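> Following this message is one structure expressed as structure tokens.
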Amino acid sequence: MSNDIPKLVKDDPWLEPYSDHISRRMLRLQDHLREAAAAAGSLKDYASTHLDHGIHYDPSSDIWKIREWAPGAKYVALTGDFNNWDRGQYPLNREDDGTWRTALPGCALKHGDLVKLHIAGADDSVRDRIPATIHRAVQNEQTHDYSGQIWQSDESYAWKNEFDPSSIDSPLIYEGHVGMSGEEPRLHTYREFADEVLPRIAKLGYNTVQLMAIQEHPYYGSFGYHVSSFFAPCSRFGTPEDLKYLIDTAHGMGIAMLIDIVHSHAVKNIAEGLNEFDGTDHQYFHSGERGDHPQWDSKCFDYGKEEVRRFLLSNLRYWLEEFKFDGFRFDGVTSMLYHHHGETSFDHMDKYFKDGPDEDAILYLGMATTLTNELRPGALIIAEDMSGMTGLCRPTSEGGGGFTHRLAMGIPDYWIKLLKHSRDEDWNLEEMWRVMTNRRHGEANIAYAESHDQALVGDKTIAFRLMDQEMYWHMSKNSEHGTIDRGIALHKMIRLFTLIAGGEGWLNFMGNEFGHPEWLDFPREGNDWSYHHCRRQWSLVDNPALRYESLNHFDQQMIHLTHDYKLLASNNTDLLWVHNDDKIIVIKRAGLIFAFNFHPDKSFPDYPIPTTKLGEYQIVLDSDSEENGGHQRINTSLTFQTDEDHQLSLYLPSRTCIVLALHTERASRKCLTSG
């Protein structure tokens, strides 16, 4: 093959018909990166909108510099409580490039002042708007409207802990939401999350936290996905310094911090967001119909416009530098990648290269992953993509998109479908295996059985789907109930099966590890603005009399096992045995043997399973142990010797999974762990 052929194509001959498309994407990205560096000196300096736009104090000259991009506007002035909301006192001057600028003496503004821009738009509208790159936006408790706020603390936050994201070989992600992270039905804070929730996460063994709803959003019930102020940490949960304290504390525990970044769309609200900022519908977004997201009731960015790309790239730089995040989970990537926002079946390679891809969005994402890698080497860059676009998680130098991982979004959908529509005895284990392992070689996936999506009102978590209302009455360890027994057993098996077969990383949503009952429901008019379901009931898992403790213990063992054996860093996942009638499936990964018996009632006393290595094996994880909420039917002190046929003879009780390691391997892991 020619050296001009992208490595992505060299590694996959099926992509040869699309080699020119991939090459064109690579060349376009390289051209724009060169142009950015030529224009600003470097890609980093190109991503500096947040530094030269907005409201900034210059201590060397004791002046405030105000600058805003609003090319269609006819008049712009700074107003706020500092001048009794006078719209004429501090006008900005228009420059040729569509930016507006002025300077004020240092005494004009102070820390805590509320500010807005008074803008007469191209459409003759007259509105007060929040500056686009404002670093803090707050809501008036009486009127509920938002304003920008000057945040000029006397002392900057003193960081205590350095962290290298490349130390995370396989991400074990705990997805969290600060506001609902406490027991009480109220808003919780960054500092409460740091002091009360992070220790739980560290004890479980997770090495990464993914924070939702960090960018400011006017409607709490949007889960943070209708962003209004992209550079402002959500003020509901505390100050910017409080967020830095949270991230710093996590780094001190060896935990990487990801922000759930929303660049796929923006809130359509005019009062709080960017929509019609300069009186046009096309400043930040596509004009007309294309600017409206039909499924999300939001606005779609115009990634073909340089100013928009610089704005979004600057946003990434801001979160990485100012708050020391270790990477991003990019929301809604599928919606970004295609003009149809993913509303099609991806049944042919043409869909990725010819029929519908948004080349401007693909260009932006390539620039975004390049910038992230430059600023934070080793950063985790995760794409929420259900289309499976080829190469998205390969380096841009190879013709890929530059993401490190893709969320395996089809897996939770599969489990819901299976639990809703199939009896246990009808589960097809070969199909389960195919679904878990259906991913492109060389592109890492984050596996998960459920996320926040399944926890929202209108849906059900796996635990609630398995046990439903019986969880209210029979979760005591002294209570006997068939539905609960089934639910406890399958909850553990589904999670372990997904983790070992589904990807190269793992994700869990806050509380799902212990089977948090009920659903999430944000305060809204339909529930009388109640916080009753917008919380996490840690008292359930802390109560030793309840079975939630057992589920939590199993999750802790599962995650620590993953650490100890570097389970997800192993790319070889082998199917050793599957028998649909017996409901037995045996998998090997990282030298461990995972034996699952999904049969609802049949146990096997001496079941032969094949191995690839001769030797003596010992159980290192047992879902049926008493501490894991099982029936203690397995003697874990026994060792198992392979026979001349390379087989082990095992007792496999119904609805259990056991994990075995070679006795010598287990001993060496113990030494490593203790060391």
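The values are calculated or read from the model by the stated rules, or taken from the named source; none is laboratory data. This structure is a prediction, so every number in the text was calculated from the model and none was measured. Neighbour counts are summed over all protein chains in view; Cβ atoms, including those assigned to glycine, are modelled from backbone coordinates with ideal geometry. Surface accessibility is based on the protein's heavy atoms, side chains included, excluding ligands, DNA and RNA. Shrake-Rupley method; radii C 1.70, N 1.55, O 1.52, S 1.80 Å.
> Taking a cut-off of 29 Å between Cα atoms, list the lysines near Lys65, but don't count ones fewer than 8 places away on the same chain.
Qualifying lysines at Cα under 29 Å: Lys44, Lys74, Lys110, Lys116, Lys244, Lys268, Lys305, Lys324.
> What does the highest-first list of 332-344, 631-643, 206-218 look like by mean Cβ count within 10 Å?
Values: 332-344: 19.5, 631-643: 13.4, 206-218: 25.4.
The packing order, highest mean first, is 206-218, 332-344, 631-643.
> Among 446-452, 650-656, how do they line up from the highest to the lowest mean number of other beta-carbon atoms within 10 Å?
Numbers: 446-452: 25.0, 650-656: 21.9.
The packing order, highest mean first, is 446-452, 650-656.
> Moving on. Does segment 547-608 come out rounded, prolate or oblate, given a ≥ b ≥ c as the square roots of the eigenvalues of its C-alpha gyration tensor, rounded meaning a/c under 1.5 and, failing that, prolate meaning a/b above b/c? Walk me through the numbers on the way to the answer.
Working: a/c = 2.76, a/b = 1.20, b/c = 2.31.
Judged from the Cα gyration tensor, segment 547-608 comes out oblate (a/c at least 1.5, b/c at or above a/b).
> How much accessible area per residue does the chain have, in Å², with a 1.4 Å probe?
On the way: 26520 Å² over 675 residues.
Heavy-atom SASA per residue in the chain reads 39 Å².
> Taking 0.36 nm per residue of sequence separation and subtracting the Cα-Cα distance, how much length would be gained by fully extending the chain between Gln295 and Ser345, in nm to one decimal? Working shown, then result.
Working: separation 50, 0.36 × 50 = 18.00 nm, distance 1.64 nm.
Result: 16.4 nm gained on full extension.
> When the chain is fully extended, how far beyond the present Cα-Cα distance does Ser166 get from Asp355, taking 0.36 nm per residue of separation? Walk me through the numbers on the way to the answer.
Working: separation 189, 0.36 × 189 = 68.04 nm, distance 3.64 nm.
Taking 0.36 nm per residue and subtracting the Cα distance, the gain is 64.4 nm.
> Would you mind counting up the charge near Lys110? Only other residues with Cβ under 12 Å from its Cβ, with Lys and Arg at +1 and Asp and Glu at -1. Let's see the in-between values first.
Working: positive: none; negative: Asp81, Asp113, Asp154.
Net local charge, Lys110 excluded: -3.
> Quick one: with all protein chains in place, what share of the accessible area of segment 1-127 is carbon or sulfur, to the nearest percent (1.4 Å probe)?
Details: 3340 of 6610 Å².
Within segment 1-127, the accessible surface is 50 percent carbon and sulfur.
> Would you check the accessible area of Glu626, probe 1.4 Å, heavy atoms only, in square angstrom rounded to 10?
The accessible area of Glu626 comes to roughly 120 Å².
> Among Val457, Val620, Val586, what's the order by accessible area (1.4 angstrom probe), most exposed first? Mind showing how you got there, number by number?
Details: Val457 70, Val620 40, Val586 0 Å².
From most accessible down to least: Val457, Val620, Val586.
> May I pose another question? If R0 is 56 Å, what FRET efficiency do you get for Ser61 and Asp424 from their C-beta distance, rounded to 0.05? Please report the intermediate quantities before stating the final value.
Values: r = 72 Å, r/R0 = 1.29.
With R0 = 56 Å, the Cβ-Cβ based efficiency is 0.20.
> Calculate, in nm to one decimal, what His560 and Lys110 gain on full extension: separation in residues at 0.36 nm each, minus their alpha carbon distance. Could the numbers behind the result be given before it?
Working: separation 450, 0.36 × 450 = 162.00 nm, distance 4.93 nm.
Extending this stretch completely gives an extra 157.1 nm.
> Given the rule -39500 (n - 2.57) for each run of at least 4 DSSP H residues, summed and divided by the residues of the chain, what is its mean residue ellipticity at 222 nm, to the nearest 500 deg cm²/dmol?
-8000 deg cm²/dmol
> If R₀ is 45 angstrom, what is the calculated FRET efficiency for the pair Asp4 and Glu525, using the beta carbon separation as r and rounding to 0.05?
Working: r = 59 Å, r/R0 = 1.31.
After rounding, the FRET efficiency stands at 0.15.
> Mind grabbing the accessible area of Asp195 for me, 1.4 Å probe, Å², rounded to tens?
Result for Asp195: roughly 90 Å² accessible.
> Here's something else I'd like to know. Rounded to the nearest 0.05, what FRET efficiency do Thr664 and Arg28 give with R0 = 56 Å and r taken as the Cβ-Cβ distance? Could you check? Mind showing how you got there, number by number?
On the way: r = 53 Å, r/R0 = 0.95.
It comes out at approximately 0.60.
> Hey, of [x] 28.5; [y] 26.9; [z] 27.8, which did the structure itself give for Kirkwood radius over Cα pairs in Å when calculated?
[y]
> By the scheme Lys and Arg +1, Asp and Glu -1, what is the net charge of all other residues having a beta-carbon under 12 Å from that of Gly400?
Residues close to Gly400 contribute a combined charge of +1.
> What net charge do the residues around Tyr284 carry, taking every other residue with its C-beta under 15 Å from that of Tyr284, with Lys and Arg at +1 and Asp and Glu at -1?
Numbers: positive: Arg129, Lys268, Arg290, Lys299, Lys305, Arg309, Arg310; negative: Glu68, Glu272, Glu276, Asp278, Asp281, Asp292, Asp302, Glu306, Glu307, Asp360.
Around Tyr284, the surrounding residues sum to -3.
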